[in-house]
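Read-outs throughout are calculated quantities, based only on the coordinates presented, and are distinct from any laboratory measurement. Keep in mind it's a predicted model, so treat the numbers as computed, not measured. Note that each Cβ is placed from the backbone with ideal geometry, even for glycine, and that neighbours are counted across all protein chains shown.
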Amino acid sequence: MKSPPPIPREPLARLSVVIPARNEEGCVAATVEHLHAELGAHGIAHEIVVVDDHSTDSTWSALQELRARIPECQPLQTCAEPGFGRAVAFGFEHSSGDAVVVMMADESDDPRDAVRYWEKLNEGWDAVFGSRFVRGGGVVDYPALKLALNRMANLFLRVLFGVPMNDFTNAFKAYRRTVIDGCRPFLSPHFNLTVELPLKTIVRGYSWTVIPVTWRNRTSGESKLKIKEMGSRYLFITLYCWLEKYFSRGDYRAKSGKP
Ligand SMILES: Nc1nc2c(ncn2[C@@H]2O[C@H](COP(=O)(O)OP(=O)(O)OP(=O)(O)O)[C@@H](O)[C@H]2O)c(=O)[nH]1
Ligand SMILES: [Mg+2]
């Protein structure tokens, strides 16, 4: 299954970066500062929507301090139950750029890759997926067990959907707003939103391309991803998207030429 080609379009006006953050007092400020500097240096109009979600450390006060210095930084708090997927979806609702990048708060993702995403979207693609496992991409300090599980899960997804993509499970990706809206309703309250978004983008017929990105392991804070708790949720959303692809008779596909 190949992507449709990109369509020539008007330049995008503003980028929203949505960052879920839970107990990230040690790194959220650096993440936002570096991102803001990089986007500013490339003249990209932007907002940085950071969704704090029941943090029990000083993440929220760090965000208040950031907002005072960086007007583009918009911290939000959710009252809903905690959850990565809920927080990101909340960020989508409360952002207004015509393109969206989802990025982590733990400095794992490189702000220079966010600039490359913006440039690719402006070539007319509906979505741009970073891969850490293509030439030019890479990972630093990826825990061995996590890496092994990651490669197996991505191989499974690649074969199941028959697409030339090998890094579905990294949340750091870019979408036009039309794609975000076209992927509703979001069904994943947790980390499984990470695969729901690219799978629906592909299955619903949007155009997408892959660029190399780099990822490095956090140097502060704790990992929130519990693979044992998430495995069945990933499988649920994967099978849901697979059923949609083969059994929905195209009911949810983007209308051709419209997205
Ligand atoms: N708002 C919100 N953010 C969350 C939640 N769970 C995780 N996050 C954020 O999602 C991002 C990814 O979580 P990580 O713990 O880094 O997950 P990971 O990258 O698989 O694990 P690491 O190997 O530790 O990097 C971070 O910015 C977290 O702060 C949540 O329940 N609510
Ligand atoms: Mg992380």
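Worth pointing out:
- In this structure, the amide hydrogen of residue 173, modeled 1.01 Å from its nitrogen in the peptide plane, lies closer than 5 angstrom to those of 102, counting only residues at least 5 positions away or on a different chain.
- Rounded if a/c under 1.5, otherwise prolate or oblate - the stretch 80-187, Cα gyration tensor axes: rounded
- Contact order, relative form, for the chain: 25 percent (alpha carbon pairs under 8 Å, 6 or more residues apart, mean separation divided by residue count).
- Summarising the amide proton neighbourhood of residue 214: residues at separation of 5 or more, or on other chains, whose placed amide H is nearer than 5 Å comprise 110, 138.
- Residue 99 long-range amide H proximity, modeled H, under 5 Å: 14, 16, 177
- Cross-link reach list, lysines versus residue 226, counting only Cα pairs under 29 Å and skipping chain neighbours closer than eight places: 146, 173, 200, 245
- Cα gyration tensor, the stretch 15-247 - rounded (a/c under 1.5), prolate or oblate: rounded
- Cα gyration tensor shape of the stretch 202-251, rounded if a/c is under 1.5, else prolate or oblate by comparing a/b with b/c: oblate
- Separation between Cα centres of the stretch 107-132 and the stretch 216-259, rounded to whole Å: 19
- Phi-based couplings in Hz for the stretch 229-238 (Karplus 6.51, -1.76, 1.60; Gly and Pro marked x): 6, 8, x, 6, 6, 4, 5, 4, 6, 5
- Per-peptide average of other Cβ atoms within 10 Å, ordering 68-79, 92-103 highest first: 92-103, 68-79
- DSSP beta bridge pairing in the chain, given as percent antiparallel to the nearest 5: 25
- Note, ³J(HN,Hα) from phi for the stretch 58-75, Karplus 6.51, -1.76, 1.60, rounded to Hz, x at Gly and Pro: 8, 4, 5, 5, 4, 6, 4, 5, 5, 4, 5, 9, 10, x, 6, 8, 10, x
- Report summary: the helix-based calculation at 222 nm, which adds -39500 (n - 2.57) for every DSSP H run with n ≥ 4 and divides by the residues of the chain, gives -12500 deg cm²/dmol.
- When the trypsin sites (Lys or Arg not before Pro) in the stretch 105-162 are filtered for DSSP coil states and for at most 12 other beta-carbon atoms within 10 Å of their beta-carbon, the remaining sites are 135.
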